[in-house]
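To start, the structure itself, in structure tokens.
No lab work stands behind these numbers, since they all come straight from the coordinates. Worth saying up front: this structure is predicted, and the values here are computed from it rather than measured. Because the Cβ atoms are built from the backbone with ideal geometry, glycine has one as well, and the counts that use them run over all protein chains shown.
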Amino acid sequence: MSMWWSLHLRREAASVPLARRFLLGTMETAGVDPDISYDLSVALSEACANAVEHGGRPGAGNAGAAGPGHAVDERPGQANEQYRVTAYLDGEKCRIEVADSGPGFPDRRTLRAAAQPPVGQPADAHPPAGRPSAGGVVCAAPPEEPPSAMAESGRGLCLIEELADHVTFGNRPGRGAVVSFDKVLKWREGALLMVS
């Protein structure tokens, strides 16, 4: 058995915990291990916060101005103030996609190839932006703009890369950015969707 859902949310701060709670409820019901659920919920929160902060077209109006029912891909003037979250759970993994209608990512992003450090080597918890950690993870933040140690923002995409097994950052030409990530699932005993 597998399941998927898609939410079309306004670009408002209140939408972030809504998406996170929806994901956590789905995973709890399906029987996903709580640690995996937590990692994915934090990564989803970061992707949603990024869409809320950066996901609109400049000069297109205030966040929340679009009415219900206007999807991300529809009429650019209306869709600007919404973003879409889609989650797929199957027996082996969960894949999450967050798509907005903003200007997209300004430069090419590095894809995460491996989540684990080589055997016997600890991972560097905070590698400099653009440089690989001991586990080969490269933060997607542009090397010329690393966040300062006291910055309140600027680490979300790197955090997503650390919490998920595979991450892609892409652009839909003229239609916004897409953050897609997945993680192999672990299940509680007797889980509904557990691999047989």
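The table below gives the values:
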| read-out | value |
| --- | --- |
| Alpha carbon convex hull of the range 151-196, projected area averaged over orientations, nm² | 5.7 |
| Label-to-label distance, nm, for residues given as residue 168 and residue 28 (7 Å Cα→Cβ offset) | 3.2 |
| 14 Å beta-carbon shell around residue 53, net charge (K/R +1, D/E -1) | -1 |
